[in-house]
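Reading through the structure tokens given below for one structure.
The values are calculated or read from the model by the stated rules, or taken from the named source; none is laboratory data. Remember, it's a predicted structure, so these values are computed and weren't measured experimentally. Glycine also receives a Cβ, built like all others from the backbone with ideal geometry; neighbour counts cover every protein chain displayed.
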Amino acid sequence: MSNEKIENLLNLALDATEQEREKSLDLDTGYDKEERTWEVIVKFGGTEESLKRLLAQNFPKEYDRIKITNLRNEYAILLLPEHIVELVAALTEIEYMEKPKLLFFAVNNGRRVSCINPLQTGQMQGGTAGRNDLSGTGVIVAVIDSGIDYAHPDFRNADGTTRILDLWDQTIPAGSVADPLSEENAEQSFLEAPAGYFLGTEFPQAMINRALEQTTERERYAVCPSRDISGHGTHVTGIAAGNGIASQGRYRGVAYESPLLIVKLGTPGERSFPRTTELMQAVDYCIRKAQEYGMPVVLNLSFGNNYGSHSGNSLLESYLDDMADYWRTSIITGSGNEGASAVHAAGTLRENVTEEVEVAVSGYEISLNLQIWKNYADEIAVSLIHPDGSKAGPIQQILGPQRFRLGNTDVLLYYGEPSPYSPYQEIYFELLPTDDFIDSGIWTIQLLPQKIAVGNYDMWLPAGGVLNEGTGFVLPSVETTLTIPSTAARVITVGAYDGYFDRAAAFSGRGYTRETNQVKPDLVAPGVDITSCAPGGGYVVRSGTSMATPFVSGGAALLMQWGIVNKNDLYLYGEKMKAYLIKGARRLPAMQYYPNPVFGWGALCVAQSLPD
């Protein structure tokens, strides 16, 4: 029986067999097959102590296997034995439960078109930090991403020491590491997770500096073994806050004197993609650290996923909205790179008029999931038609999981219902192969309206480039292609544009949010052919909303320096920061009306965002 306080995807995952989970991209995320445990996100009523007592009293035999990572504002990450997940959700004090989702990563010219150069006219080091000499001094830039090449010159001071305050690598288990400074490595440095968390290892500034003192790369990584394998986080950090030392200032970032907090997302294991639970812990960590240091903080998030109603009401989005109100914090996130990837379809239904939506599935696709989101008051029968013409449906509108087979493809279907956090209904399809791959060709979702009150619907396929080329909706919609959590109301959402020609970037995720019609993205920044730091000490060119987001993060740090550090506006963060950025946004000639789903309120122009 489905639990109404558990999200649809977790209900389906709990009902699925282990074989079905293993074949799926999403169903097994958060499940540990060896330990038979689930990692879940919960919203609960009470304190951390009361939550611990509640679980200890109700599950005394299992309590030793339960792990609790308490987050702010009555959110927590729980690690639970599988057989008690639904029992925990049923407790009165537990308000709602979700499973983690996978996250996907979605300079000099960019500085110019973003009106940043006029604010950086002072010397590279020092300066009076007035209106025209802003560098990010006193404002932490926190980058939550794939890690960083901490040895890159652009993240070091003139004396060679690191600008990084702390580095939390979630992929390195706690333990001992040899210290090459000691005789014959006799001494050991014990690596620990940050206080209050169970994941990974924290490297404080002193340890990073000790690593930088080593003469060889091997010795350096013996002290601090954290690496950025993909280079994504290094590139992003360089845009937001690189000081340009390795290029004599040519590829200097925006807030080039900001101290840095770095979190490398992820856990050891086969799946290389990080999860939403790791992101939530990283956000909590960065805000706690900023409070400890007594400095305002800008959080840069350059990734997302497609699972959810895109209305801003998942637990992850609600959590980020809450965290945007904590401390002196501004949260900046990219709109994703799904604008031209054919992963979204939408339409409006009329009673008794059948509508068909076609999905092209290329060869060698190992699995595929599809979400349909609609108004709960609309009664719609759904059929699924195989490429060979065989058909399942009209499928009964039974809340909970259903199974059937078409050709050599097994189909799991879940009819959801509204939750305490969402008034919308989800119909979820999971296509799994009976052998190695699902059947290729044109699949058709047939919608048969029976009683229509509103009529609009949206469909999404997975984001992040996990699908093979050629898989996607035959007639896609480019609007509402924002990835989650960029649909959260109180974050500052950034799309990408081509700063060389003042035109749209086709890949950039577009707004608005579903149903709520919030203006998203809030603004755009340069995201095409951006040169920034690469592991190894050099530079590389990349494109994406991941590259646009740190321009805004660095710009926000400059504004917070002017406002908070220099005491011109002590409340310049959060929603006020968003308002200042919107007011200064530059209107691009490609659009006649603003706001719009492509550019939001316009292009980043930091100089115009400062009050006169």
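Within region 185-229, count every residue that is crowded, with 18+ Cβ neighbours inside 10 Å, out of contact with any strand residue (DSSP E or B) (no Cβ under 7 Å at 6 or more places or on another chain) and within 26 Å of residue 76 (Cβ to Cβ).
Final tally of qualifying residues: 1.
Given the condition of a type outside the set (Lys, Arg), within 21 Å of residue 589 (Cα to Cα) and at pLDDT 95 or above, answer yes or no: does some residue in region 552-561 qualify?
Within region 552-561, one or more residues are of a type outside the set (Lys, Arg), within 21 Å of residue 589 (Cα to Cα) and at pLDDT 95 or above.
Since residue 564 meets every condition but one in (1) buried (at least 22 other Cβ atoms within 10 Å of the Cβ); (2) modelled with pLDDT of 95 or more, which condition does it not meet?
Every condition holds for residue 564 apart from (1).
Only strands (runs of 3 or more DSSP E) wholly contained in region 366-438 count here; list those with 2 or more residues that are out of contact with any Cys (no Cβ under 9 Å at 6 or more places or on another chain), among the acidic types (Asp, Glu) and under 20 Å from residue 6 (Cα atoms). Steps first, please.
Details: elements: 368-375, 379-385, 391-395, 400-406, 409-415, 424-433.
So the answer is 424-433.
Given the residues 363, 347, 334, 312, which is the only one that is more than 19 Å from residue 9 (Cα to Cα) and surrounded by 23 or more Cβ atoms within 10 Å (Cβ to Cβ)? Quick ask: steps written out before the conclusion?
Values: 363 fails: surrounded by 23 or more Cβ atoms within 10 Å (Cβ to Cβ); 347 fails: surrounded by 23 or more Cβ atoms within 10 Å (Cβ to Cβ); 312 fails: more than 19 Å from residue 9 (Cα to Cα).
After ruling out the rest, the residue left standing is 334.
Would you pick out the residues in region 61-70 that are under 29 Å from the mean Cα position of the chain (by Cα) and not in a helix (DSSP H, G or I)? Working first, answer last.
Taking region 61-70 as the starting set, the residues that turn out to be under 29 Å from the mean Cα position of the chain (by Cα) are 65-70.
Selection gives 66, 67, 68, 69, 70.
I'm checking my understanding of the structure. Among residues of region 499-551 that are within 21 Å of the chain's Cα centre (by Cα) and of a type in the set (Phe, Trp, Tyr), which one is nearest to residue 581 (Cα to Cα)?
In this case the residue turns out to be 551.
Please name all residue pairs, on different chains or six or more residues apart, with Cβ atoms under 9 Å, provided the first residue is in region 455-477 and is of a type in the set (D, E, K, R) and modelled with pLDDT of 95 or more and the second residue is surrounded by 22 or more Cβ atoms within 10 Å (Cβ to Cβ) and not in a loop (DSSP other than H, G, I, E, B).
458/344; 458/345; 458/371; 458/373; 458/374
Evaluate the following for residue 82: is it at pLDDT below 95, more than 30 Å from residue 495 (Cα to Cα) and within 29 Å of the chain's Cα centre (by Cα)?
Working: at pLDDT below 95: no; more than 30 Å from residue 495 (Cα to Cα): yes; within 29 Å of the chain's Cα centre (by Cα): yes.
For residue 82, the condition - at pLDDT below 95, more than 30 Å from residue 495 (Cα to Cα) and within 29 Å of the chain's Cα centre (by Cα) - is not met.
Cβ-Cβ distance below 8 Å, separation of 6 or more or different chains: which pairs start in region 143-162 with a residue that is among the aliphatic types (A, V, I, L, M) and end on one that is in a loop (DSSP other than H, G, I, E, B)?
Once the first residue is among the aliphatic types (A, V, I, L, M) and sits in region 143-162, its partners that are in a loop (DSSP other than H, G, I, E, B) give 144/265; 148/226; 148/228; 151/537; 158/125.
Return only the number of the condition from (1) touching a Lys or Arg at 6+ places or on another chain (Cβ under 9 Å); (2) under 24 Å from residue 508 (Cα atoms) that residue 568 does not satisfy.
Failing condition for residue 568: (2).
Each row is one residue, and each column tells you yes or no for (1) among the aliphatic types (A, V, I, L, M); (2) surrounded by 15 or more Cβ atoms within 10 Å (Cβ to Cβ).
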{"site": "384", "(1), (2)": "yes, yes"}
{"site": "401", "(1), (2)": "no, yes"}
{"site": "412", "(1), (2)": "yes, yes"}
{"site": "418", "(1), (2)": "no, no"}
{"site": "421", "(1), (2)": "no, yes"}
{"site": "426", "(1), (2)": "no, yes"}
{"site": "431", "(1), (2)": "yes, yes"}
{"site": "434", "(1), (2)": "no, no"}
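For residue 270, indicate whether it is over 30 Å from residue 132 (Cβ atoms), assigned by TED's automatic domain parsing to the domain that holds residue 329 and either out of contact with any helix residue (DSSP H, G or I) (no Cβ under 6 Å at 6 or more places or on another chain) or modelled with pLDDT of 95 or more (or both). Break it down into steps so the answer makes sense when it comes.
Numbers: over 30 Å from residue 132 (Cβ atoms): yes; assigned by TED's automatic domain parsing to the domain that holds residue 329: yes; either out of contact with any helix residue (DSSP H, G or I) (no Cβ under 6 Å at 6 or more places or on another chain) or modelled with pLDDT of 95 or more (or both): yes.
It is true that residue 270 is over 30 Å from residue 132 (Cβ atoms), assigned by TED's automatic domain parsing to the domain that holds residue 329 and either out of contact with any helix residue (DSSP H, G or I) (no Cβ under 6 Å at 6 or more places or on another chain) or modelled with pLDDT of 95 or more (or both).
Given the residues 563, 602, 584, which is the only one that is in the same structural domain as residue 298 (by TED's automatic domain parsing) and at positive phi? Give the steps one after another, and end with the answer.
Values: 563 fails: at positive phi; 584 fails: at positive phi.
From the options 563, 602, 584, the qualifying one is 602.
Evaluate the following for residue 483: is it farther than 21 Å from residue 579 by Cβ, surrounded by 20 or more Cβ atoms within 10 Å (Cβ to Cβ) and in contact with a Phe, Trp or Tyr (Cβ under 7 Å, 6 or more places away or on another chain)?
Numbers: farther than 21 Å from residue 579 by Cβ: yes; surrounded by 20 or more Cβ atoms within 10 Å (Cβ to Cβ): yes; in contact with a Phe, Trp or Tyr (Cβ under 7 Å, 6 or more places away or on another chain): no.
So residue 483 does not fit the description; no.
Please work out which residue is surrounded by the fewest Cβ atoms within 10 Å (Cβ to Cβ), limiting yourself to region 230-269 and to residues that are within 21 Å of residue 332 (Cβ to Cβ) and among the basic types (Lys, Arg).
252
Residue by residue through region 36-60, note down the ones that are closer than 18 Å to residue 86 by Cβ, surrounded by fewer than 16 Cβ atoms within 10 Å (Cβ to Cβ) and either under 27 Å from the mean Cα position of the chain (by Cα) or modelled with pLDDT under 95 (or both).
Residue satisfying the conditions is 36 alone.
Could you check region 429-482 and list, in sequence order, the residues that are small (Gly, Ala, Ser) and within 18 Å of residue 309 (Cα to Cα)? Lay out the reasoning, then the answer.
Going through region 429-482, the residues small (Gly, Ala, Ser) turn out to be 440-441, 453, 455, 463-465, 470, 472, 477.
Matches in region 429-482: 455, 463, 464, 477.
Among the residues of region 567-610, write down those that are hydroxyl-bearing (Ser, Thr, Tyr), surrounded by fewer than 19 Cβ atoms within 10 Å (Cβ to Cβ) and closer than 20 Å to residue 141 by Cβ. Reasoning before the result, please.
Pass one, region 567-610, residues hydroxyl-bearing (Ser, Thr, Tyr): 571, 573, 580, 593-594, 609.
Narrowing the set further to residues that are surrounded by fewer than 19 Cβ atoms within 10 Å (Cβ to Cβ) leaves 571, 593-594.
Scanning region 567-610 gives a single hit, 571.
Quick one: count up the residues across region 201-225 that are of a type in the set (Gly, Ala, Ser) and modelled with pLDDT under 95. Don't jump to the end; show me each part of the working.
So in region 201-225, the residues of a type in the set (Gly, Ala, Ser) come out as 206, 211, 222.
Applying the additional criterion that residues be modelled with pLDDT under 95 yields 222.
Qualifying residue count, region 201-225: 1.
In the list 118, 100, which residue meets the criterion of being under 30 Å from residue 543 (Cβ atoms) and not in a loop (DSSP other than H, G, I, E, B)?
Values: 100 fails: not in a loop (DSSP other than H, G, I, E, B).
Matching residue, one of 118, 100: 118.
Just one of (1) in contact with a Lys or Arg (Cβ under 8 Å, 6 or more places away or on another chain); (2) farther than 30 Å from residue 138 by Cβ; (3) modelled with pLDDT of 95 or more trips up residue 311, so point out which.
Looking at each condition in turn, residue 311 falls short on (3).
Mind checking which residues of region 1-24 are farther than 18 Å from residue 400 by Cα, of a type outside the set (Asp, Glu) and either surrounded by fewer than 19 Cβ atoms within 10 Å (Cβ to Cβ) or not assigned by TED's automatic domain parsing to the domain that holds residue 90 (or both)?
The answer is 19, and nothing else.
From the list 258, 302, which residue is at pLDDT 95 or above, hydroxyl-bearing (Ser, Thr, Tyr) and touching a helix residue (DSSP H, G or I) at 6+ places or on another chain (Cβ under 7 Å)?
On the way: 302 fails: at pLDDT 95 or above.
Going through 258, 302 in turn, just one is at pLDDT 95 or above, hydroxyl-bearing (Ser, Thr, Tyr) and touching a helix residue (DSSP H, G or I) at 6+ places or on another chain (Cβ under 7 Å): 258.
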